[in-house]
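First comes the structure, then the notes that go with it.
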Amino acid sequence: MEAVKNALRHPLRLLVLVLSLVIGVVASFLILTILRTAELLGQPTIPPGVLRISFALEAPSSLTPAQFLEENGLQGEWVTLGQLFREDVRRGAAIGAYGFESVETMKRFLPTLRLKQGGWPKQYQLLVPQQACRLLSCRVGQTIKVLYPGTEQPVRYTVSGIVDSPLATTLLAVPAAPRGGLDWRLWAFARSQSSEELEDQVRAYLQSRGLKAADVQVLDRIGMQRSWRQLSFGFTVILGPTALVALISATLLVLFNFAVNRLERAKEVAIKRALGASRSHIALESLAEAMAIFLLAVPPSLAVTWALLDRLGGGEAQRLFYPEVGIALQVFAGIGALVLLSALGPVLALASTQPSSQLKEE
């Protein structure tokens, strides 16, 4: 209670300090989340030597994937892109899933897959890359739900194994969701022609069959990474520096506030020292006051920042990023260390001075 009373003696300064801590929490949380998202988006989502062909038909057609691939001289398969569903996606930002027709198709496109734990997937099972497994805290036998485009209910898969995969943040599931509808996504082995040339060929082919399609796109491994990086450009380049400036400003305000507090309490500390108070007693008293302010400002602002970040992005299962528990703990520890050092540094320097010299200065 004494620590709370000391903190409330200067309400205006307390308000400035609390606001500084709130700004520091929001800024540091945002910076770490942006860096984490940029790291995940930089991971490849297409295997080496493979092209991803996608487009959206404006009307239903009798065209089949096998027919499309054969008439364009391509070797490939239909691969369905999905997203983690609700509660799972909150623990693994930017992690997606690919649904394959069979495990043989999966091995054909990803010949470098190496099992680390468990076994190859059977029906309604999936493999989890090691990096994605750490993010999801998953284990063999666990159930993971995947939501595919155009479907209302997620598909439930059981984790059959952990793998070393060239797609570090993409789950590999068998089977794919029922294909059909207007959204097409196929994988084909890369040919000598570039992805731009193949994209022009696909447009011409669809036009020759009288099919109207939007968002025709052919991407290779490098092109897909470039596309994701462009998506995260605004967050990294615009929000990042803004959050960094806010964090630096908040840190300076916290340091300044505790320094002013030291000057104002110099006489009080001198009297306590003259009456026999030890340096450790004064330090503990200041620490208790700083921790009271810390608990008043940091946990609520962490909760509010988490809620705001949780709402950023698209639909329930298609967010660009989510806050992570590990980041929240880093922010909590970092701001706590800042408050601790800001509070103890000036007080210890003051308490180490002889009481007589402090009283003479007053």
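The values are calculated or read from the model by the stated rules, or taken from the named source; none is laboratory data. Since this is a predicted model, take the numbers as computed values, not measurements. Counting neighbours? That spans all protein chains shown, and the Cβs are built from the backbone with ideal geometry, glycine included.
What the table shows:
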| item | result |
| --- | --- |
| Filter result for the condition that a residue is modelled with pLDDT under 85 and either not in a strand (DSSP E or B) or not aliphatic (A, V, I, L, M) (or both), over 87, 70 | 87 |
| Lone qualifier among 13, 36 - being modelled with pLDDT under 80 and closer than 22 Å to residue 261 by Cα | 13 |
| All positions within segment 139-170 that are in a loop (DSSP other than H, G, I, E, B), more than 27 Å from residue 182 (Cβ to Cβ) and without any contact (Cβ under 8 Å) to a residue 24 or more places away in the chain | 139, 140, 141, 142 |
| Any hit, segment 130-141, residues being of a type in the set (D, E, K, R) and at pLDDT below 85 | yes |
| Selection status of residue 232, at pLDDT below 70, more than 30 Å from residue 340 (Cα to Cα) and touching a Leu at 6+ places or on another chain (Cβ under 6 Å) | yes |
